[in-house]
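Contents: one structure, followed by commentary.
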Amino acid sequence: MKVVVLGAGFAGLAAALAAHRAGASVTIVHGAPGASSLYAGSVDGPPLPEQGPQAALLTALTAALGLTLSQNAVIATREGVLRPSRGGDSALLNLAPLAGKRVALVDVPRDDWDAPLLVRSFSESPWALSTGTRFELLPLELLEKGSQRRVSSYDFAASFERAERPAWLTEVLKSHAGPDAWLFGPWLGVKRDLARELSASVGVPVGEVTSPLGGVAGARFDNRRDAWLSALGLEVLSGRALGVRQADASVMLELEGGRQLTADALVLAAGGFVSGAIRLGGSLSGAEPAGFELELNGLPSVQARGELRGPVSSLFGVDLAARGRQLLEQAGLAISGRGQVLGTTRVFAAGDLIAAGPPSVANALLSGLRAGAAAAAFGS
């Protein structure tokens, strides 16, 4: 059984793992980065199973990607909000076990970090007030030179991975005894899991707030994904997909440069608007009606809220002012309960490419597992 998976984000990796564990030969086609490479580090969406076959696959995948799952985590965002989460990148500080304790917020003079404002916002949040959790400002001299005020959070995080820096940072934190936990900006390493290392050496939890768009959490995902795929031994091809051709006994994925991949089943996990797999085409002038379009040829039309949303013969086509911007989160391919794209026989879809609900990491993982397992079982 040959399965091709288009996309290497959360949904694509889940589909590839499910198909691989079901005995299929899997090839992953990976093009432009999507939402997974840009995510903030948190896992949001519906509850993830804790028992059964899906739970075992999730455990293997999340461990490889450095995710820690929890049904009742509380995380801090870099915008000053405390909110519930299903977990996330292992560097995120889960505040739920710290209810009623003292959390030190690191104050560093960076242009993108306003610690006094954040500590006030966290302290006045409903969660902190109801649990009696205290957030305290603690200045630390972490800048090696003045230019680090302005470098990206990625570069600042990478600076702590140099050989001598983790041990030095450990001593800095140990010299400030008292806090029950440490909360940093998104700076605790790109390739190393410094949050866990520091937590173990300091003796109290050390973690981060969420990352900015395209920040450290997404970079960690990319690094961990590449390492896991290499260890798993799956075939990974790089290239842009152009279209899908279906036949009675196979399905073909056409790639840029004239390359073609033939398989028994195809899983589409190429993302949505972020990756460009779905576009809002046309214009508002009426010269070319506006509507949702797929980057791939040979597939059914995009739907949103159960309605066809291709270009239409009206002046405005898709009117987001009237329908709401949420429509962008509900545009995609219509699928069956098994993840099969309606109107096709050997094509399955997962992640942001389906119109099943608002995008989230949890939805991507669950839909990927479902589509990968169904693709591997097709015709068997």
(request) Considering only segment 15-41, state which residues are open to solvent by 10 Å² or more (accessible area, probe 1.4 Å) and under 25 Å from L213 (Cβ atoms). (result) H30, G31, A32, P33, G34, A35, S36, S37, L38, Y39, A40
(request) Could you please tell me which pairs satisfy a Cβ distance under 6 Å, a separation of 6+ or placement on different chains, a first residue in segment 331-360 that is part of a strand (DSSP E or B), and a second residue that is open to solvent by 20 Å² or more (accessible area, probe 1.4 Å) and among the polar types (S, T, N, Q)? (result) F348/Q340
(message) Looking at segment 142-192 only, could you name the residues that are closer than 22 Å to G218 by Cβ, free of Cβ contacts under 8 Å to residues at least 40 places away in the same chain and aliphatic (A, V, I, L, M)?
(response) V151, A158, V190
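Condition check ((1) touching a Leu at 6+ places or on another chain (Cβ under 7 Å); (2) more than 18 Å from S159 (Cα to Cα); (3) among the basic types (K, R)) across all residues:
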| residue | (1), (2), (3) |
| --- | --- |
| F184 | no, no, no |
| D193 | no, no, no |
| R196 | no, no, yes |
| P205 | yes, yes, no |
| G218 | yes, no, no |
| D248 | no, yes, no |
| V251 | yes, yes, no |
| E256 | yes, yes, no |
(message) For the list (1) in a loop (DSSP other than H, G, I, E, B); (2) open to solvent by 40 Å² or more (accessible area, probe 1.4 Å); (3) not hydroxyl-bearing (S, T, Y), I need the number of the one condition that E171 fails.
(response) (1)
(message) I'm told S199 meets every condition in (1) more than 15 Å from R110 (Cα to Cα); (2) open to solvent by 40 Å² or more (accessible area, probe 1.4 Å); (3) free of Cβ contacts under 8 Å to residues at least 24 places away in the same chain; (4) not acidic (D, E) except one. Can you identify the failing condition by its number?
(response) (2)
(message) Quick check on segment 42-54. Is at least one of its residues closer than 30 Å to G257 by Cβ and surrounded by fewer than 19 Cβ atoms within 10 Å (Cβ to Cβ)?
(response) no
(message) Restricting to segment 202-237, name every residue that is assigned to a loop (DSSP other than H, G, I, E, B), of a type in the set (G, A, S) and open to solvent by 50 Å² or more (accessible area, probe 1.4 Å).
(response) G203, G233
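One line per residue, one yes/no per condition, for (1) out of contact with any helix residue (DSSP H, G or I) (no Cβ under 6 Å at 6 or more places or on another chain); (2) under 16 Å from A76 (Cβ atoms); (3) not β-branched (V, I, T):
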position	(1), (2), (3)
P139	yes, no, yes
W168	yes, no, yes
A181	no, yes, yes
F184	yes, yes, yes
V190	no, no, no
S201	no, no, yes
(message) I'd like the residue in segment 156-168 that is aliphatic (A, V, I, L, M) and open to solvent by 60 Å² or more (accessible area, probe 1.4 Å) and, out of all such residues, is nearest to G132 (Cα to Cα).
(response) A167
(message) Being under 14 Å from the mean Cα position of the chain (by Cα), of a type in the set (A, V, I, L, M) and within 20 Å of E235 (Cα to Cα) is the filter here; which residues of segment 9-63 pass it?
(response) A11, L13, A14, L61
(message) Among the residues in segment 274-285, are any over 23 Å from A374 (Cα atoms), in a loop (DSSP other than H, G, I, E, B) and without any contact (Cβ under 8 Å) to a residue 24 or more places away in the chain?
(response) yes
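Table: residues versus (1) in a loop (DSSP other than H, G, I, E, B); (2) at pLDDT 95 or above.
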position: Y154; (1), (2): no, no
position: A163; (1), (2): yes, no
position: A177; (1), (2): yes, no
position: S199; (1), (2): no, yes
position: G257; (1), (2): yes, no
position: A270; (1), (2): yes, no
(request) Filter segment 59-80 down to residues that are open to solvent by less than 70 Å² (accessible area, probe 1.4 Å), assigned to a loop (DSSP other than H, G, I, E, B) and out of contact with any Asp or Glu (no Cβ under 8 Å at 6 or more places or on another chain), then give me how many there are. (result) 3
(request) Hey, could you check segment 182-196 for residues that are assigned to a loop (DSSP other than H, G, I, E, B) and either of a type in the set (K, R) or closer than 20 Å to A8 by Cα (or both) and say which is least open to solvent (accessible area, probe 1.4 Å)? (result) V190
(request) Could you please tell me which pairs satisfy a Cβ distance under 7 Å, a separation of 6+ or placement on different chains, a first residue in segment 96-122 that is at positive phi, and a second residue that is surrounded by 14 or more Cβ atoms within 10 Å (Cβ to Cβ)? (result) G100/T131; G100/T133
(request) Go over the candidates R110, R86 one by one and state the one that is assigned to a loop (DSSP other than H, G, I, E, B) and crowded, with 18+ Cβ neighbours inside 10 Å. (result) R110
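Let's see how each residue does on (1) under 30 Å from S121 (Cβ atoms); (2) free of Cβ contacts under 8 Å to residues at least 60 places away in the same chain:
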position: V4; (1), (2): no, no
position: L13; (1), (2): no, no
position: H20; (1), (2): no, no
position: H30; (1), (2): no, no
position: P46; (1), (2): yes, no
position: S85; (1), (2): yes, yes
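The values are calculated or read from the model by the stated rules, or taken from the named source; none is laboratory data. All of these numbers come straight from a predicted model, not from anything done at the bench. Ideal geometry is used to build each Cβ from the backbone, glycine not excepted, and the neighbour counts take in all protein chains shown. What goes into the accessible areas is simple: the full protein's heavy atoms, side chains included, and nothing from ligands, DNA or RNA. Shrake-Rupley method; radii C 1.70, N 1.55, O 1.52, S 1.80 Å.
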